[in-house]
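K.L.:
Below is one structure. I have some questions about it.
The values are calculated or read from the model by the stated rules, or taken from the named source; none is laboratory data. Just so you know, these numbers come straight off a predicted model, no measurement behind them. With ideal geometry, Cβ positions are generated from the backbone for all residues, glycine too; neighbour counts draw on all protein chains shown. Protein only, heavy atoms only, side chains kept; ligands, DNA and RNA dropped before computing areas. Shrake-Rupley method; radii C 1.70, N 1.55, O 1.52, S 1.80 Å.
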Amino acid sequence: MALRGATRVTHFLSLKTSHHFYLITNSIHTENNFLNPQNPKTESKPDTQFPNTHSLSVNRNEIINKLITMFTKKLQNSEELRVYGDRLTTDIVETVLKSFKNWKFAYDFFLWAKAQDRYKHNCYTYNTMASILSESRQTGVLKTLLIDMVNSKCLMSPGALGFLIRCLGNQGLVDEALYIFDEVQKMGLTVVNTYSYNCLLEVLAKSNKVELVEMKLEEMRNSGLGSDKFTLTPVLQAYCNSRRFEEALSVFNQIRDNGWVDEHILAILVVSVSKWGEIDKAFELIEKMEMLNTSLNEKTMCLLVHGFVKQSRIDKAVQLFDKMRKSGCSLDLKLYSVLIDGLCKKKELNKALDLYVEMKNTGILADVVIVKNLISAYCVEGDFVTSAKLVEESVQEFELDAGVLLFNALLEGLANRGMVNKAFSLIQFMMGVECEGEADTDSMFKITKKVVPSADSFRIVIDCLCRNQKLDLALRLFADMGHLGYQGNLLIYNNLISELCNLDRLEEGTDLLKKMKESGLKPTHFTHNCIFGCLCRREDVSTALVLVREMRACGHQPWIKHSSMLVKKLCKNGKSVEACNFLNGMVQEGFLPDIVAYTAAIDGLFKLREVDKAMELFQDISSRGYQPDLVAYNIILSGLCKFGKVLEAEEFLNNMLLKGLLPSVVTYNIMIDGFCKINEIGQALIFLKRMIDGTIEPTIVTYTTLIDGLCSTGKHDEALVLWEEMEKKGCIPNRIAYMALISGLCKCNKADIGLDYFHEMEEKEMKPDVFVYVSLINGFASNGEFLSAFEILKEMLQKETFPGKSDKYYPILIEAVQKLSEDASTSSEIKNLIIKGCVPDICTNSGSGGNTIDESP
């Protein structure tokens, strides 16, 4: 039995049990006392079957090799297997299981062995199978094995239980680990010890089950088992993972008081604090450790440097790096790289460069990425001299493919700073072409070694030229690229085609698209939409639809913004029918236009007075599943009201409300204006009330419309009341509101009140239109107040010329002037104005207008 125990120690150590030898030894003693040497199922009988040691070894090896061969090659013979089945031992089964490279072979053999009459698996064969399944990530089979193990009432040593718990934990089977731990104790199949609990605590801690860790720790202590270093380590880990710093510190103090602190425990605490973002606290812990003559290992310090940089604490990362340097740690390329990159991001470029020089002096070969990052960082700061110097010094050290990355970093820097000419000169230098324009690159950057540009080099410069409105230069560089044997990539073609289309050079864009296809590159949705957008801007409906057909074949979707823009342009130019035909064409090609495009088409039809077609289109899109928005409904309402179909508009509005759309201030203003235009002022005021009740504040447009409507129906008193109400509510009248009120009052024969508001308007430095003067002149003249009318006429002529015959107010003004010329008080003054040419000769009614009054002597 002592030999069996020794074998188990070797077995556990080979499976990477990380605990100290005294714990394993404790498990061995428990096992030796626990197993019953008289039980034939738990102990093989070598002495009765094999007469001496030599024959024992030969027969054992023969059986093992034969079983491995038979189960690997699936050459099982039932008669022969039965013979070997009678001679099985747990030691042979363990050895055979470990020899299989395929878990399925191992499991088939395990099940076969289990079925043998004279054999029974023990905890070690179960653990061996569990280990194989765990390493192969066969969690389902592993769970089945657990159930079988419990049902077989297999006795387990504390060490074997701990090992099984770890196998389960490696596959994240935490619940199963808890189950087997509790179940074997309940069934009396084991007596757990500290090691068993330690393994369970470790699994729970790695799974962040801090509450279960606390519960099992308390259970362990209540059972009389003492805790050790390997008990408290997972507890510390669990508290750290849960960001419970106070509890973690308390556990650490217990570990320290017992003298158990080692590098692993320190690493857990410091790394966790660092991950919490408490960089200063982590660094403080490192310094306290130094005071206690305890230090972290090299691996942990490297991990912390990376973590500090990631947390944007490059200052602490550099300090820790200095400690590593002074303590003689091995400083590698990765460590220098992360620090240099971090310093570059913090714009501490001189420190980054010093670190780079130090790295090279220590004999570490530079990585092209480090140099590229340095070059890019200096370019961002506009220091192209240092960038170029880095290129010149470093390009000698790398292969050509790596060297071009450095040049590209410099090109990218120049392009991003808008230094177009220098970027162009640099790529010419790379191509071996004599530079044009500015001083050549050799004198500009002091670069002597040329590197052949890559396709990416051309992309950078071509993109830069396109962004800076130097398309012709970009096209020339693209041609040079082809002459040198380079083929443009997708990005280059897309940049050039996009810029050509933006500048309405569509024919060149389509030619480039053709070359792109001939080169074997397939256009992307971006490529096609560049062309499509240009066609839409040109209002070329037929060609746009041809391209849409091609896009459908390629699986590309036309951009909504382009199709909507085309419809809007067509409608704006009175081509609403063409817009509708385009929308129908899009639908036939399988693309559903946006509601915005349809709304624009409906609006265009209304402007063409095609009311029925507009309504038909609206009903059509509604039946096809579109959900018209409030903008679409407002356009319909506005169109109906403009053509006097206000009652139809009101019915349409009610349908809108039933569909859950809430009217906006624009909706109410449309309806109020519609009712005012048909002189249904009462209905307009009802809508004003509905508007206010709906918590929508009337705007200056609302009040202006109603005031004009009230005056048009002779209700000037109500108009003035509404004006005062408007001002009380803080709605400040604008120029249009004043003109509407003045004109409306004149219609109601209240030109004198209108004149007061006219003066108020002038005091606010608002310039009235000609029709306001005409309204006042005509209003006073109609009331027989000729002197007042003449004063207004004179003021108008000082600021405006007399309206021409084509002006709609011309007849009204001429009629008023006629009255003034017939009145004795103003007739002579009118004749003088006619003589001066300020007013047309009303006797002959000739002339297109008059001159402005010149008041100079």
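K.L.:
Please compute the Kirkwood hydrodynamic radius over segment 194-332, one decimal place, Å, based on all pairs of different Cα atoms. Can you show the working numbers first?
P.N.:
Details: mean 1/r = 0.0635 Å⁻¹.
Result for segment 194-332 stands at 15.8 Å.
K.L.:
If you don't mind, there's one more thing I want to ask. Quick one: helix 576-588 against the long Cα principal axis of the chain, what's the angle to the nearest 10°, folded into 0 to 90?
P.N.:
20 degrees
K.L.:
Does a label point 7 Å from the Cα of Leu490, set along Cα-to-beta-carbon, have any residues of segment 497-539 with amide nitrogen under 19 Å, and which are they?
P.N.:
In segment 497-539, the label zone of Leu490 (backbone N under 19 Å from the point 7 Å along Cα→Cβ) covers 497-499, 512-532.
K.L.:
Hey, could you get me the Stokes-Einstein D for segment 98-161, Kirkwood radius over alpha-carbon pairs, 20 °C and 1.002 mPa s, rounded to whole µm² s⁻¹? Can you show the working numbers first?
P.N.:
Working: Rh = 12.1 Å.
Once the numbers are plugged in, D ends up at 177 µm²/s.
K.L.:
For Thr69 and Glu762 in the same chain, what is the full-extension length gain: residue separation times 0.36 nm, less their Cα-Cα distance, in nm? Before the final figure, lay out the partial values.
P.N.:
Values: separation 693, 0.36 × 693 = 249.48 nm, distance 11.15 nm.
Difference between extended and current length: 238.3 nm.
K.L.:
What does the C-alpha gyration tensor say about the overall shape of the chain? Classify as rounded when a/c is under 1.5, otherwise prolate if a/b is larger than b/c, or oblate. Walk me through the numbers before you get to the answer.
P.N.:
Numbers: a/c = 2.76, a/b = 2.25, b/c = 1.23.
In terms of gyration-tensor shape, prolate.
K.L.:
To continue, here is another question. Mind pulling the angle between the C-alpha long axis of helix 611-623 and the longest principal axis of the chain? Nearest 10 degrees, somewhere in 0 to 90.
P.N.:
10 degrees
K.L.:
Quick one: what does P(r) look like for segment 132-204 with 5 Å bins over all Cα pairs, in whole %?
P.N.:
3, 18, 31, 27, 17, 4, 0
K.L.:
Hey, another quick one. Assuming 0.36 nm per residue, please report the length gained on full extension of the stretch Glu219 to Asp620 beyond their Cα-Cα distance. Can you show the working numbers first?
P.N.:
Numbers: separation 401, 0.36 × 401 = 144.36 nm, distance 7.47 nm.
Gain on stretching Glu219 to Asp620: 136.9 nm.
K.L.:
Further question on the same structure: With axes computed from alpha carbons, what is the tilt in degrees of helix 665-677 against the longest principal axis of the chain, rounded to the nearest 10 within 0 to 90?
P.N.:
For helix 665-677, the angle is close to 20 degrees.
K.L.:
For Glu815 and Phe526, what does the FRET efficiency come to when R0 = 41 Å and r is the distance between their Cβ atoms, rounded to the nearest 0.05?
P.N.:
Numbers: r = 65 Å, r/R0 = 1.58.
For R0 = 41 Å, the calculated efficiency reads 0.05.
K.L.:
Can you tell me how segment 582-676 classifies by the Cα gyration tensor, rounded, prolate or oblate, using a/c under 1.5 as the rounded cut?
P.N.:
Numbers: a/c = 2.32, a/b = 1.60, b/c = 1.45.
Cα axes put segment 582-676 in the prolate bin.
K.L.:
Roughly how large, in nm² to one decimal, is the mean projection of the convex hull of the alpha-carbon atoms in segment 308-425?
P.N.:
Values: hull surface 29.9 nm².
Computed as one quarter of the Cα hull surface, the answer is 7.5 nm².
K.L.:
Give the dimensionless ratio obtained when the Cα radius of gyration of segment 497-581 is divided by 2.2 N^0.38 Å.
P.N.:
Values: Rg = 12.9 Å, N = 85, 2.2 N^0.38 = 11.9 Å.
Relative to the rule-of-thumb radius for its length, segment 497-581 sits at 1.09.
K.L.:
For the pair Thr801/Leu658, report the inter-label distance in nm, with labels modelled 7 Å from Cα in the Cβ direction.
P.N.:
Simple spin-label model gives 5.7 nm for this pair.
K.L.:
Let's test the formula: R0 of 22 Å, r as the Cβ-Cβ distance of Glu246 and Lys299. What FRET efficiency results, to the nearest 0.05?
P.N.:
On the way: r = 28 Å, r/R0 = 1.26.
With R0 = 22 Å, the Cβ-Cβ based efficiency is 0.20.
K.L.:
Segment 270-292 to segment 384-412: how many Å between their Cα centroids?
P.N.:
Centre-to-centre (Cα) distance: 39 Å.
K.L.:
Would you mind calculating the gained length between Lys346 and Lys275 on full extension (0.36 nm times residue separation, minus the Cα-Cα distance), in nm to one decimal?
P.N.:
Working: separation 71, 0.36 × 71 = 25.56 nm, distance 2.03 nm.
So the extension gain works out to 23.5 nm.
K.L.:
Follow-up question, since we're still on this one. Calculate the length of the line joining the C-alpha centroid of segment 509-535 to that of segment 764-804, in whole Å.
P.N.:
Between the Cα centres of segment 509-535 and segment 764-804 lies a distance of 63 Å.
K.L.:
Nearest 500 deg cm²/dmol is fine: what mean residue ellipticity at 222 nm does the chain get from its DSSP H runs of n ≥ 4 alone, each adding -39,500 (n - 2.57), divided by its residue count? List each step's numbers first, then the result.
P.N.:
Working: 48 runs with 606 residues, N = 857.
After summing the helix terms and dividing by residue count, I get -22000 deg cm²/dmol.
K.L.:
Also, I was wondering about something else. log10 I(q)/I(0), Debye, Cα-only segment 543-600, no solvent, q = 0.17, 0.18, 0.30 Å⁻¹?
P.N.:
-0.48, -0.54, -1.33
K.L.:
Only loop residues by DSSP count here, and only those with at most 16 other Cβ atoms within 10 Å; note down the trypsin sites (Lys or Arg not before Pro) in segment 571-679 that meet that.
P.N.:
Working: sites: Lys572, Lys575, Lys607, Arg609, Lys613, Arg624, Lys642, Lys645, Lys659, Lys677; in loops: Lys575, Arg609, Arg624, Lys645, Lys659.
Counting only loop positions with at most 16 other Cβ atoms within 10 Å, the trypsin sites (Lys or Arg not before Pro) in segment 571-679 are Arg609, Arg624, Lys659.
K.L.:
Leaving ligands, DNA and RNA out of it, report the carbon-plus-sulfur percent of the accessible area of the chain at a 1.4 Å probe. Numbers along the way, then the final one.
P.N.:
Working: 21240 of 41570 Å².
Roughly 51 percent of what the probe reaches on the chain is carbon or sulfur.
K.L.:
Same structure, new question: Taking the Cα atoms of segment 212-286, what is the range of coordinates along each of the three principal axes, in descending order and whole Å?
P.N.:
The principal-axis extents, from largest down, are 41, 25, 16 Å.
K.L.:
Would segment 656-775 count as rounded, prolate or oblate if I go by the C-alpha gyration tensor, calling it rounded below 1.5 in a/c and otherwise prolate when a/b exceeds b/c, oblate otherwise?
P.N.:
Verdict is prolate for segment 656-775.
K.L.:
Once the Cβ-Cβ distance between Lys561 and Val433 is put in as r, and R0 is 35 Å, what FRET efficiency do you end up with, to the nearest 0.05?
P.N.:
The computed FRET efficiency comes out at 0.30.
K.L.:
Starting from the Cα of Lys450, step 7 Å along the direction of its Cβ; do the same at Lys689; then give the gap between the two resulting points in nm.
P.N.:
Taking the simple label geometry, Lys450 and Lys689 are separated by 8.9 nm.
K.L.:
So, in nm, how far is label Phe591 from label Ser312 when the simple model puts each one 7 Å beyond its Cα toward the Cβ?
P.N.:
4.3 nm
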